[in-house]
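The values are calculated or read from the model by the stated rules, or taken from the named source; none is laboratory data. Note that this is a predicted model, so its numbers are computed, not measured. Don't worry about glycine lacking a Cβ; one is built from the backbone with ideal geometry, like all the others, and counts go over all protein chains shown. In case anyone asks, the SASA skips ligands and DNA or RNA and just uses the protein heavy atoms, side chains included. Shrake-Rupley method; radii C 1.70, N 1.55, O 1.52, S 1.80 Å.
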Amino acid sequence: GHELAVLLRDKGFGVTESHGEGRDGDVLILSSVVLSKDVARMIDLSKQFDEDAFISIEEARSVQRG
């Protein structure tokens, strides 16, 4: 969780960390607003770090102050 957030930040991505509770206990949720052209790069970095990472992508219609 946190280590992946640090890696992504080091690569220029903004990342917000949130704590949650999953089926098997505590989880760290990472959120980021990414330009469409950078999505594949972020996925590649995440999968290189943890090949079992769960990634959900949603389209943002507008972003303010990000």
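Considering the range 1-58 alone, what residues qualify as being part of a helix (DSSP H, G or I) and among the hydrophobic types (A, V, I, L, M, F, W, C)?
Result: L4, A5, V6, L7, L8, V39, A40, M42, I43, L45, F49.
Please specify each residue of the range 1-30 satisfying the condition of being out of contact with any Leu (no Cβ under 7 Å at 6 or more places or on another chain), open to solvent by 60 Å² or more (accessible area, probe 1.4 Å), free of Cβ contacts under 8 Å to residues at least 40 places away in the same chain and not β-branched (V, I, T).
R9, D10, G12, E21, R23, D24, D26
Suppose we keep only residues that are surrounded by 14 or more Cβ atoms within 10 Å (Cβ to Cβ) and of a type in the set (V, I, T) within the range 31-47. Which one would you say is nearest to V63 (Cα to Cα)?
Filtering first and then ranking leaves V34.
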